[in-house]
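One structure is given here, and the rest of the page talks about it.
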Amino acid sequence: MKNIGIVGYGYWGKNLVRNFKVLSSCEVKYVCEKDPDSAAKCKELYSAIKVVPDYETLLNDDALDGIVIATPVDTHYAFAKLSLENGKHTLVEKPLTDSHEKAVELKQMADDKGLILMVDHTFLYTGSVKYLKDNVDAGEFGNITYIDSIRINLGLFQHDVNVLWDLASHDISIVYYLIGQKPKSIQATGISHTNNNIENIAYLTLKYENNLIVHFNCSWVSPVKIRQMLIGGDKKMVMFNDMDPNEKIKIYDTGFKVRSNEEKKIFNADYRVGDIYVPQVPLTEALSLMAEDFINSIINGIEPRSNSELGVHVVEILEIAELSIKNKGQEILLD
């Protein structure tokens with residue numbers, strides 16, 4: 001059995017404690033929380049967990065195998081670096097850090113020390129995304145030509161990162177998991193309505209080889225909550241609606257074929273509209289599977305699904321997207 005400590009008992013930390021606590025393969029030995037009210041609530045629910053205000057207690061415990069970090073983004077690097085320096089396997093809430101350079105440094109440190117560095121990109125553990133991954137790999141949808149993602153809601157406004165860092169990080173991780181490619185260019189636009197220069201609405205476009213285009217629409221100021229991704233293949237098209245409790249994935253036997261006559265300069269398209277298939281996907285709580293993957297990776301010394309390479313990629317895209325926004329939507333080529 002592995003011993004872990006969790007840093008932060010706030011909005012997301014509560015969920016992490018709950019899910020790690022029920023795993024038979026690990027014991028939550030510590031929760032590090034400085035806020036007295038939050039610490040008291042944790043003690044009330046979990047009397048067997050040691051709730052401490054100082055991070056050093058976790059770092060200095062040689063019996064502690066791993067540390068889970070659920071704190072604001074601008075603290076991730078410092079907490080994760082100390083964890084790795086003290087020989088702890090480390091799981092960090094998404095995104096990994098607030099800069100690509102810091103993310104690369106953490107990954108290199110973990111690799112050098114033979115430690116697991118993992119990022120909590122929870123959506124990779126949903127039954128829906130796993131189903132999409134299996135079918136993309138099997139070529140069921142054909143060559144992927146576009147992905148169009150909408151992730152909008154009212155709040156929660158973040159104080160340290162813009163809406164892309166908060167919301168698009170989910171979908172960037174999903175796209176990278178599905179297609180395993182880096183884009184050749186990145187372009188983003190956004191605007192702040194809160195006078196703090198932190199964009200609350202943003203649009204991000206990634207262009208890949210073979211004319212694959214990916215678009216993200218993210219907002220904290222929508223009157224409705226939408227979590228939807230459209231995936232277009234040249235065989236079939238897919239709608240992934242995470243807000244639908246029963247039919248999260250719909251597969252459309254739909255497509256088009258171009259007919260052209262270059263001599264007569266005629267362009268025509270034939271359209272195919274076929275059946276709609278709704279597969280059954282597992283509804284196991286994704287966060288539970290993510291927690292299990294972290295512990296299993298420690299025990300068996302294997303790479304987790306949401307590994308440090310994926311985490312670094314997400315941060316790289318977000319950092320360049322922010323640069324594009326500040327440069328009035330400039331398209332930036334990825335080296």
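The values are calculated or read from the model by the stated rules, or taken from the named source; none is laboratory data. Worth saying up front: this structure is predicted, and the values here are computed from it rather than measured. Neighbour counts run over all protein chains shown; Cβ positions are idealised from the backbone, glycine included.
The table below lists the values:
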item	result
Pair list, Cβ < 9 Å and 6+ apart or interchain, from segment 79-105 residues that are outside the structural domain of V17 (by TED's automatic domain parsing) and buried (at least 19 other Cβ atoms within 10 Å of the Cβ) to residues that are modelled with pLDDT of 95 or more and not aromatic (F, W, Y)	none
Out of I49, I67, I4, sole residue that is buried (at least 16 other Cβ atoms within 10 Å of the Cβ) and within 25 Å of D160 (Cβ to Cβ)	I67
Conditions (1) exposed (fewer than 15 other Cβ atoms within 10 Å of the Cβ); (2) more than 19 Å from V104 (Cβ to Cβ); (3) in contact (Cβ under 8 Å) with a residue 60 or more places away in the chain; number of the one not met by I325	(1)
Residue within segment 216-231 that is within 18 Å of H313 (Cα to Cα) and of a type in the set (F, W, Y) present	yes
Residues located in segment 26-47, provided they are modelled with pLDDT under 95 and within 13 Å of V68 (Cα to Cα)	none
Selection within segment 147-164 - acidic (D, E) and either closer than 13 Å to I231 by Cα or in a helix (DSSP H, G or I) (or both)	D148
Of the criteria (1) closer than 27 Å to T145 by Cα; (2) surrounded by 12 or more Cβ atoms within 10 Å (Cβ to Cβ), which one E303 fails	(1)
Residue count for segment 207-233, restricted to those that are at pLDDT 95 or above, farther than 22 Å from D244 by Cα and not in a strand (DSSP E or B)	2
Condition check for Q158: farther than 19 Å from V129 by Cβ and buried (at least 18 other Cβ atoms within 10 Å of the Cβ)	no
Matching residues in segment 184-235 - criterion: being basic (K, R) and crowded, with 19+ Cβ neighbours inside 10 Å	R227
Which listed residue is aromatic (F, W, Y), within 24 Å of M118 (Cα to Cα) and touching a residue at least 12 places away in the same chain (Cβ under 8 Å), from F240, F294	F294
